[in-house]
1. Summing -39500 (n - 2.57) over the DSSP H runs of n ≥ 4 in the chain and dividing by its residue number, what mean residue ellipticity at 222 nm do you reach, to the nearest 500 deg cm²/dmol?
2. Once fully extended, how much extra length lies between Ile61 and Lys30, figured as 0.36 nm per residue of separation less the alpha-carbon to alpha-carbon distance?
3. From the phi angles alone, apply the Karplus equation (6.51, -1.76, 1.60; θ = phi - 60°) to segment 47-52 and give each ³J(HN,Hα) in whole Hz, x where the residue is Gly or Pro.
4. Which residue fluctuates the most in the chain, going by a Gaussian network model with Cα springs under 10 Å, if the choices are Glu71, Glu22, Glu56?
5. Of all DSSP beta bridges located in the chain, what percent are antiparallel, nearest 5?
6. State the answer as a single residue: which of Val17, Met55, Ile68 lies farthest towards the positive end of the charge dipole of the chain, with beta carbon charges of +1 for Lys and Arg and -1 for Asp and Glu, about the Cα centre.
Amino acid sequence: MRTINIHEAKTHLSRLVDEAVEGNSFVIAKAGKPKVLVSRLDAPPASGKRILGSMEGLYTIPENFDEIDRELDKEIEALMLGEDEE
């Protein structure tokens, strides 16, 4: 594996990163002592696209959701205002 001094790495960082992406890992050394191994990440590229409906059927919302929401709002309001619940 190739060893590169830190000054050279600073000077040619962009080119060295491209080489690492191609699979050519290297070591960066400072004062002749190896400090860092540089190699490519094998993570899949992020597509940035969202697939609508991909989670369909995984979750259900109860039919009385609006009623539950109103009850919860009343409880939270009572707690925030310091009022006793009825």
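Any read-out appearing in this document is the output of simple, stated calculations on the displayed coordinates, not a laboratory observation. Keep in mind that what you see is a predicted model, and the values were worked out from it rather than measured. Cβ: placed from backbone, ideal geometry, glycine included. Neighbour counts: every protein chain shown.
1. On the way: 3 runs with 32 residues, N = 86.
It lands at -11000 deg cm²/dmol.
2. Full extension of this stretch gives 5.2 nm more.
3. Once rounded to whole Hz, the list reads 7, x, 9, 10, 9, 5.
4. Ranking Glu71, Glu22, Glu56 by mean-square fluctuation puts Glu71 first.
5. 55 percent
6. Val17
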